Structures are given as C-alpha cells and as structure tokens.
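The values are calculated or read from the model by the stated rules, or taken from the named source; none is laboratory data. Remember, predicted model here, so these are calculated numbers, not experimental data. In this analysis, Cβ positions are derived from the backbone assuming ideal geometry, glycine residues included, and neighbour counts consider all displayed protein chains. Note: accessible area is taken over every heavy atom of the protein model, side chains too, but ligands, DNA and RNA are not part of it. Shrake-Rupley method; radii C 1.70, N 1.55, O 1.52, S 1.80 Å.
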Amino acid sequence: MATGENKTMETAADVAAYLDTVEPAERQADGRIVAALMARLSGEPPRLWGPSIIGFGRYHYRYDSGREGDMCRIGFAPRKTELVFYLAGLDDADVMALGRHRRGKGCLYVKRLADIDMGALEALIVQSLAHMDGLYPR
C-alpha cells in the first residue's frame, strides 16, 4: 500500500462467505439481518470494505488537505463483542429511541439486535442515507 493510501478499500471478497466466519453465532445471525436491512434500504448490494466492514453504496470524498478517497455510504462491522454501525449525520437525540447502545466518533455500537428497537434502527439508516445523499449526491 502506498503512503497515504486508504486502508479501508472496497474488495471483491464474498460477503456471505465472510459472514460465515463471524463468531459468535448470534453475531453472525445479527450480521445477516443487518446486511439484508441495509441492502433493502440502500438499494445497493453488500460489499466488503477492508477485512471486516460490510458497506452499501459508495461516495468519493476530498478533504481541504487534498486527501481523497472512496468509502461506503453506510456500513457495519460484525465484531466479536458488538455490531459497529457506520452511519453519518446522527446526533444523540436521533439515537435515543434505539435502546441499548453506545456511541463513538462516527460509530454506533450495539451488543445484539435483541437489545434495540429495529424500527428505530431502520429510521437511523434512512436518515443517514438521506444525509449522505445531501452531501454526496448519487
């Protein structure tokens, strides 16, 4: 990888095969549910970005510094301890209806789908897609 090149790039890896490797089994099942939900809402097929982010759609960004690249419009990673959602344009008030979660910079963390309101998650995904469409029209 060249210096300054993005680490997280779209790959040709098979998403279903990747999900087959996810542990524990509950996280694997949750990952399949989220992948189907995001595909339905985005109208985009799942793609593996880097080794573990399942992304939907793509956009090209360019920072004032000159750095630029491509990234998925929305995505998630089924990590061993929790699901990590990559959704943009959300604030604390937006995620209150979700249920048990925590937030990081640009990420939303959920231990299991059973802990959250799936209708609220769907609304957050739709909101994030609309935010991204406003910033980076398709």
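Before moving on, here are some points about what is shown:
- Scope the stretch 102-138; condition more than 13 Å from residue 74 (Cβ to Cβ) and touching a Phe, Trp or Tyr at 6+ places or on another chain (Cβ under 6 Å); matching residues: 102
- Among the conditions (1) of a type in the set (D, E, K, R); (2) closer than 14 Å to residue 125 by Cα; (3) surrounded by 10 or more Cβ atoms within 10 Å (Cβ to Cβ), residue 67 misses just one, which is (2).
- Cβ-Cβ under 7 Å pairs, at least 6 apart or on other chains, the stretch 28-47 side closer than 18 Å to residue 13 by Cα, far side modelled with pLDDT under 95 and loosely packed, with under 15 Cβ neighbours inside 10 Å: none
- Taken as a whole, the structure leaves residue 120 outside the set of residues that are open to solvent by less than 70 Å² (accessible area, probe 1.4 Å), touching a strand residue (DSSP E or B) at 6+ places or on another chain (Cβ under 6 Å) and either on the phi > 0 side of the Ramachandran plot or of a type in the set (Gly, Ala, Ser) (or both).
- Neighbours by Cβ (under 9 Å, 6+ apart or cross-chain): first from the stretch 91-115, without any contact (Cβ under 8 Å) to a residue 12 or more places away in the chain; second assigned to a helix (DSSP H, G or I) and open to solvent by less than 70 Å² (accessible area, probe 1.4 Å): 96/120; 103/95; 114/30
- Applying a threshold of 6 Å to beta carbon distances and a minimum spacing of six or more residues, or different chains, the list of pairs starting in the stretch 117-130 at a residue that is part of a helix (DSSP H, G or I) and ending at one that is exposed (fewer than 14 other Cβ atoms within 10 Å of the Cβ) reads 120/97.
- Qualifying residue in the stretch 52-62 (condition: assigned to a strand (DSSP E or B) and open to solvent by 80 Å² or more (accessible area, probe 1.4 Å)): yes
- Residues of the stretch 16-34 classified as under 15 Å from the mean Cα position of the chain (by Cα) and either open to solvent by less than 10 Å² (accessible area, probe 1.4 Å) or closer than 11 Å to residue 74 by Cβ (or both), total: 3
- Of all the listed residues (75, 99, 104), the sole one being closer than 20 Å to residue 7 by Cα, out of contact with any His (no Cβ under 7 Å at 6 or more places or on another chain) and open to solvent by 10 Å² or more (accessible area, probe 1.4 Å) is 104.
- When the stretch 78-93 is filtered for residues that are open to solvent by less than 50 Å² (accessible area, probe 1.4 Å) and among the charged types (D, E, K, R), only 82 remains.
- In the stretch 63-89, residue nearest to residue 20 (Cα to Cα) [restricted to those that are part of a loop (DSSP other than H, G, I, E, B) and of a type in the set (A, V, I, L, M, F, W, C)]: 72
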